[in-house]
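In what follows, a structure is listed as structure tokens, so that the remarks can point back to it.
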Amino acid sequence: MIHFLTPRGADPFASTLVAGRALRAFVDGYVAVLLPAYLLALGFDVWTVGVLSTATLLGSALMTLAVGTWGHRLAQRRLLLAAALLMTATGLGFAGLSQFWPLLAVAFVGTLNPSSGDVSVFLPLEHAQLAGAAHGDARTQLFARYSLLASLAAACGALAAAVPAWLSARAGIEMVTALRLMFAGYAAVGIVLLALYRRLPEQHADASAPKSALGPSRGIVFKLALLFSVDSFAGGLVLNSLMSLWLMHRFDLSLAAAGAFFFWTGLLAAASMLAAPWVARRIGLLNTMVFTHIPANLALIGAAFAPTLPLALGLLFFRAALSQMDVPTRTAYVMSAVTPAERAAAASVTAVPRSLASALSPSLTGWLFAAGWFAAPLLACGLLKIGYDLTLWVACRRHKLDGH
């Protein structure tokens with residue numbers, strides 16, 4: 001099992017981080033599908049769903065900013081343990097609260113993730129440790145397996161979104177209560193992560209570390225952070241929770257069917273992540289990021305105007321088979337573009353603008369949905385992402401990478 005989680009040449013402790021990411025992805029997978037249904041069942045409208053999604057992303061961005069500013073002075077193992085405790089508190093908060101303002105507070109300070117990717121404070125902490133656990137092609141393979149297991153787990157989690165309806169029908173439990181139980185499950189995974197992260201080696205922080213951990217790579221890191229923020233803003237327009245809402249409103253898709261859809265898109269995304277290192281070895285990290293992303297976004301634009309459910313789903317399946325191939329290659333690119341001493345800071349600095357940018361867009365999508373413009377978020381997302389792809393390729397194609 002450890003051999004599968006970590007490629008040859010990677011440090012064994014990396015398997016703990018990969019396993020933890022998979023556990024988080026599983027609960028994130030069903031939360032992204034169930035969150036809009038849960039909030040609607042509590043009596044909120046679609047705009048409120050967008051506002052709460054924005055709060056989760058904005059809070060994650062600020063937390064990640066704090067990690068990037070002060071985290072290199074603290075032991076990363078302790079920060080991961082604190083994040084696991086925060087995850088437990090987040091799940092309990094959503095399971096037990098019903099009013100808007102308390103839920104908004106929990107969404108803001110908590111770890112809830114309404115997207116298909118990882119936008120939480122866990123991300124820079126894990127990326128920095130994984131980057132030091134392998135080198136060259138092994139690093140790309142490690143990040144591919146990290147993303148692959150997460151995608152597979154998220155797909156299974158999306159399938160688990162059918163559990164509340166099953167409990168309601170078979171056990172006679174009220175739907176709202178069944179949904180609350182799923183958030184309690186999210187809290188339970190936080191406890192499991194707490195035990196898992198305790199197995200990580202203790203890494204003592206350097207008290208003499210400079211106030212700014214970025215040095216010679218500052219220029220490329222800031223450039224990437226700006227470009228990634230455009231991509232993330234666009235992605236925030238079509239978070240899984242909002243795509244679930246779009247499918248329910250546009251085609252009257254049931255919760256179980258939406259969960260099955262995200263299960264299959266997750267499997268397709270996982271397959272693409274498995275292929276990403278092979279493609280990157282042949283055409284390079286940057287080309288893999290760009291030239292798999294563009295056709296995926298053309299498919300998203302097509303889905304926005306698809307007149308029938310089968311055509312829309314077909315285009316979205318095609319998008320899923322390509323759109324996540326850039327995830328492991330993007331992370332490997334950032335880690336290879338900076339010096340080893342700068343990796344923790346680079347992970348945070350590139351993650352913070354992405355989280356901030358993605359935090360702005362869900363409320364916009366909620367407003368567009370409420371206004372009846374259901375195609376607009378998908379169209380805007382596709383166009384912005386294509387613009388990002390082309391700009392990224394032009395801006396970074398001559399940058400030399402460590403080990404590539």
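Conditions first: (1) buried (at least 22 other Cβ atoms within 10 Å of the Cβ); (2) among the β-branched types (Val, Ile, Thr); (3) at pLDDT 80 or above. THR140 passes all but one, so which condition is the exception? Unmet for THR140, out of (1) buried (at least 22 other Cβ atoms within 10 Å of the Cβ); (2) among the β-branched types (Val, Ile, Thr); (3) at pLDDT 80 or above: (3). Can you find, within segment 72-114, the residue that is surrounded by the most Cβ atoms within 10 Å (Cβ to Cβ) among those that are of a type in the set (A, V, I, L, M) and not in a helix (DSSP H, G or I)? Per the criteria, the residue is LEU112.
The selection criterion, being crowded, with 24+ Cβ neighbours inside 10 Å, assigned to a helix (DSSP H, G or I) and at negative phi, holds for LEU245.
Quick check on segment 82-96. Is at least one of its residues modelled with pLDDT of 95 or more and aromatic (Phe, Trp, Tyr)? The answer is yes, given that some residue of segment 82-96 is modelled with pLDDT of 95 or more and aromatic (Phe, Trp, Tyr). Here is the figure for segment 34-56: residues that are in a loop (DSSP other than H, G, I, E, B) and either crowded, with 20+ Cβ neighbours inside 10 Å or among the acidic types (Asp, Glu) (or both) total 1.
ALA371 falls short of the stated requirement of being over 26 Å from ALA154 (Cβ atoms), at pLDDT below 80, surrounded by fewer than 24 Cβ atoms within 10 Å (Cβ to Cβ) and of a type outside the set (Asp, Glu). For segment 5-23, the criterion of being within 20 Å of SER358 (Cβ to Cβ) and at pLDDT below 95 is met by at least one residue.
Against the criterion of being surrounded by 20 or more Cβ atoms within 10 Å (Cβ to Cβ), farther than 30 Å from LEU384 by Cα and either touching a residue at least 40 places away in the same chain (Cβ under 8 Å) or of a type in the set (Lys, Arg) (or both), LEU239 does not qualify.
Being buried (at least 24 other Cβ atoms within 10 Å of the Cβ), closer than 25 Å to VAL327 by Cα and under 21 Å from the mean Cα position of the chain (by Cα): is that true of GLY59 here? Against the criterion (buried (at least 24 other Cβ atoms within 10 Å of the Cβ), closer than 25 Å to VAL327 by Cα and under 21 Å from the mean Cα position of the chain (by Cα)), GLY59 qualifies. Please verify whether segment 337-346 includes one or more residues that are at positive phi and either modelled with pLDDT under 85 or in contact with a helix residue (DSSP H, G or I) (Cβ under 7 Å, 6 or more places away or on another chain) (or both). No - not one qualifying residue is present in segment 337-346. Among the residues making up segment 210-227, those that are surrounded by fewer than 24 Cβ atoms within 10 Å (Cβ to Cβ), of a type outside the set (D, E, K, R), in a helix (DSSP H, G or I) and touching a residue at least 60 places away in the same chain (Cβ under 8 Å) are ILE220, VAL221, PHE222, ALA225, LEU226, LEU227.
Each residue in segment 275-333 was checked for being more than 19 Å from the chain's Cα centre (by Cα) and among the charged types (D, E, K, R), and 2 of them qualify.
The values are calculated or read from the model by the stated rules, or taken from the named source; none is laboratory data. Predicted, not measured: the structure shown is a model, and the values here were computed from it. Cβ sites come from the backbone with ideal geometry, for glycine too, and all protein chains shown count toward neighbours.
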